[in-house]
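Asker: Below is a structure I'd like to ask you about.
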Amino acid sequence: MKTIAARILDQMKIQYELRDYEVNEDELDAISVARKVNMPPEATFKTLVARGDKTGIVMACVPGNAELDLKKLASATGNKRVELVAVKEIQSLTGYIRGGVSPLGSKKKYPFFLDQSALGHEIISVSAGQRGLQMILSPDDLQKASQASLADLAKPAGH
């Protein structure tokens with residue numbers, strides 16, 4: 001079954017590949033997913049949902065081997081402060097569940113920011129909008145389809 005995100009790419013005639021993987025509640029992190037879909041963690045992007053003090057909801061995509069730097073996101077989005085939304089809010093805001101948030105096809109169109117490191121890869125992997133399914137596509141195509149703003153958003157994991 002095609003997800004909303006995949007249908008958006010079809011409508012835009014954007015080339016992509018779907019890769020499914022076995023879902024394990026304990027392995028929803030991007031590094032586990034990267035391993036399961038045979039992609040390097042730095043080319044497997046996780047989509048996070050945040051709330052800015054001025055803009056409200058924004059979405060950001062960072063490499064799986066890094067963390068979202070909230071200060072950088074605030075600066076890129078014109079907010080003073082940005083906080084990740086609570087896991088329980090993700091579904092009502094986006095229509096997606098944790099571990100399956102796609103940069104495409106959320107219930108409402110939120111400003112979307114893609115870490116600029118994405119452009120350093122020939123192909124990247126992002127969630128197709130459900131747990132267990134990743135879309136592999138070119139970062140340029142993702143940027144076009146999602147109308148992403150590019151920004152420096154990542155910091156090394158654990159810092």
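Every number in this text was worked out from the coordinates using simple rules, so none of it is lab data. Note that the structure is a prediction, hence the values are computed from the model and not measured. All Cβ positions, even for glycine, are placed from backbone atoms using ideal geometry, and neighbour counts span all protein chains on display.
Asker: Which links in LYS36/LYS155; LYS2/LYS72; LYS109/LYS155; LYS72/LYS108; LYS2/LYS46 stretch past 30 Å when you go from one Cα to the other?
Answerer: LYS2/LYS72
Asker: Can you run phi through the Karplus equation (6.51, -1.76, 1.60; θ = phi - 60°) for region 67-76 and list ³J(HN,Hα) in whole Hz, with x for Gly and Pro?
Answerer: So the J values, rounded to whole Hz, are 10, 6, 8, 5, 5, 5, 5, 4, 4, 5.
Asker: Report the Cα-based extents of region 1-55 along its three principal axes, largest first, to the nearest Å.
Answerer: Extents along the principal axes: 38, 32, 21 Å.
Asker: Among PRO63, PRO40, PRO103, which one shows the highest mean-square fluctuation when the chain is modelled as a Gaussian network with alpha-carbon springs under 10 Å?
Answerer: Of the options given, PRO40 has the highest mean-square fluctuation.
Asker: What value, in deg cm²/dmol to 500, does the helix sum -39500 (n - 2.57) over DSSP H runs of n ≥ 4 give at 222 nm once divided by the residues of the chain?
Answerer: Rounded to the nearest 500, the figure is -6500 deg cm²/dmol.
Asker: Tell me which chymotrypsin sites (Phe, Trp or Tyr not before Pro) from region 1-82 have a DSSP coil assignment and no more than 10 other beta carbons within 10 Å of their own.
Answerer: Nothing satisfies the criteria.
Asker: Do any GluC sites (Glu not before Pro) in region 7-101 lie in a loop, going by DSSP, with at most 11 other beta-carbon atoms within 10 Å of their beta carbon, and if so which?
Answerer: GLU22
Asker: How big is the convex hull of the Cα atoms of region 70-143, per residue, in Å³?
Answerer: Roughly 97 Å³ of hull volume per residue.
Asker: More than 21 Å apart: what percent of Cα pairs in the chain qualify?
Answerer: The answer is 39 percent, as a whole percent.
Asker: Taking Rh as the Kirkwood radius, which is the inverse of the mean 1/r over Cα pairs, what is the Rg/Rh value for region 29-104?
Answerer: 0.99
Asker: Looking only at region 4-156, where both bridge partners belong to it, what percent of the DSSP beta bridges are antiparallel (to the nearest 5)?
Answerer: Percent antiparallel among DSSP bridges in region 4-156 is about 75.
Asker: In addition: Size of the dipole of region 4-156 about the Cα centre, Lys and Arg at +1 and Asp and Glu at -1 on the beta carbon, nothing else charged, in debye to 20?
Answerer: Values: 20 positive and 19 negative charges, 139 e Å.
So the dipole magnitude of region 4-156 works out to roughly 660 debye.
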